[in-house]
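Accompanying notes for the structure given below.
The values are calculated or read from the model by the stated rules, or taken from the named source; none is laboratory data. Keep in mind that this is a model prediction, so the values were computed, not measured. Here Cβ is always computed from backbone atoms with ideal geometry, including for glycine, and neighbour counts include all displayed protein chains. Just so you know, the surface numbers come from the protein's heavy atoms only, side chains and all, with ligands and any DNA or RNA stripped out. Shrake-Rupley method; radii C 1.70, N 1.55, O 1.52, S 1.80 Å.
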Amino acid sequence: MEEEHYFGGVEGGGTQSKMLIVSSKGDILARSYGGCTNPFVLDVKAMDGFIECAKELSKMAQEAKSQINISKLKAIGLSLSGGAQADSQARIMKAFETVDPNFAEHVYLCNDTHGSIFTASPHGGMVLIAGTGSNCVYITDNEKTYSCGGWGHMIGDEGSGYWISHKAIRTALNHEQGLEDAPYPIDVLRKRIFDYFDLKNFDEVLDIFYTNFEKAKIAGFTKHVSDAAETDRLCAHLLYDAGLVLGKHVRALINRAYAETKKDFESVDIVLEGSVFKSWTRLKQGFIDGVRTEHLKAARLLRLNETSALGAAFLGARHANLKLTLPHENLVEVLDTLKW
């Protein structure tokens, strides 16, 4: 009879984090919640962001373990925002030596995209993120990683909520000044901008982007663009452009993987994450136009219906050479299936 093991998994974010403990059969036994576990965000707020990260993770683990009265985990996977680089991982592991030496028998660290992908499938796949920011990652079955995007709002984040809002404001402003004509009338978009940001004229836009810059608030305007897109051609056009550039992220990774393997893809599963995909019907045609490549014939678009901490736990067990069985197909819902 196989020994029963307990595995932990963490979905770590820049604002909030989630942890769970599962049995070898994939049964969820305990859950806990915490705050920010991104060491770089915490570094701004504390003397040592890596120590604070370890403290927050330890607190979450202690709470979850207390729920089922165990003292130690066999293995834990930490899928953390800010946890991609080897140096960052080494510093977090070093912090655990001080904060909680008995955190777990085996600890595996990866970035926040890995947990999402391996929640959906044990064989890898792709995740496309479009929330406040954007990013796209493809991970093979043996965990070779290809990435595109994720460079932040200053030089990237194409297709994200911030990018859509910024493009909407810039489109209206450029048209108003005669610099570049918008493809459709700006009346509806202008009113939406003025109402949401409480502006009296376009001169006050400077306050939004400089004096009182709030990235999340600017990104939040995307919902108003989406609402208006039902009847307004310019707002619909902006969402088409967002879908187009998000599709290009996927195409870039498929083409790069093909260049190395010389193997075409019959289909790929893509986990979609982020609030921008609430407007999927408006993004869809642009996405299809952007993703088209001779090396990919179809795609299945998925949304997780459970925390990506499960995928993190799966990876923690795998890297400890232990088996964790998850009902992957039950952890996702199919948003759309595309063929071309």
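Inside the range 275-295, can you point out the residues that are surrounded by fewer than 17 Cβ atoms within 10 Å (Cβ to Cβ) and among the charged types (D, E, K, R)? Across the range 275-295, the qualifying residues are Lys278, Asp289, Arg292, Glu294.
All told, Arg91 meets the bar of being more than 15 Å from Ala312 (Cα to Cα) and at pLDDT 90 or above. For the range 229-248, the set of residues classified as open to solvent by 10 Å² or more (accessible area, probe 1.4 Å) and under 22 Å from the mean Cα position of the chain (by Cα) consists of Tyr240, Asp241, Leu244, Val245, Lys248, listed by residue number. Residues in the range 254-273 that are within 16 Å of Leu338 (Cβ to Cβ) and under 16 Å from the mean Cα position of the chain (by Cα): Asp269, Ile270, Val271, Leu272. In the set (1) buried (at least 17 other Cβ atoms within 10 Å of the Cβ); (2) among the small types (Gly, Ala, Ser); (3) farther than 17 Å from Asp241 by Cα; (4) at pLDDT 95 or above, the condition left unmet by Ser226 is number (3).
Annotation: of all residues in the range 133-146 being open to solvent by 60 Å² or more (accessible area, probe 1.4 Å) and either of a type outside the set (D, E, K, R) or free of Cβ contacts under 8 Å to residues at least 12 places away in the same chain (or both), the one that is nearest to Thr15 (Cα to Cα) is Thr145. Of the residues making up the range 313-340, those that are in a strand (DSSP E or B), more than 14 Å from Ile117 (Cα to Cα) and touching a helix residue (DSSP H, G or I) at 6+ places or on another chain (Cβ under 9 Å) are Leu335, Asp336, Leu338.
Given the criteria assigned to a helix (DSSP H, G or I) and in contact (Cβ under 8 Å) with a residue 12 or more places away in the chain, does Leu310 qualify? Yes; evaluated as a whole, the condition is true for this residue. If we keep just the residues of the range 151-181 that are hydrophobic (A, V, I, L, M, F, W, C) and open to solvent by 40 Å² or more (accessible area, probe 1.4 Å), which is nearest to the chain's Cα centre (by Cα)? Applying the filter and picking the extreme gives Trp151.
Cβ separations smaller than 7 Å between residues 6+ apart or across chains give the following pairs from the range 157-173 residues that are closer than 15 Å to Ala130 by Cα and free of Cβ contacts under 8 Å to residues at least 40 places away in the same chain to residues that are open to solvent by less than 10 Å² (accessible area, probe 1.4 Å) and not basic (Lys, Arg): Asp157/Ser134.
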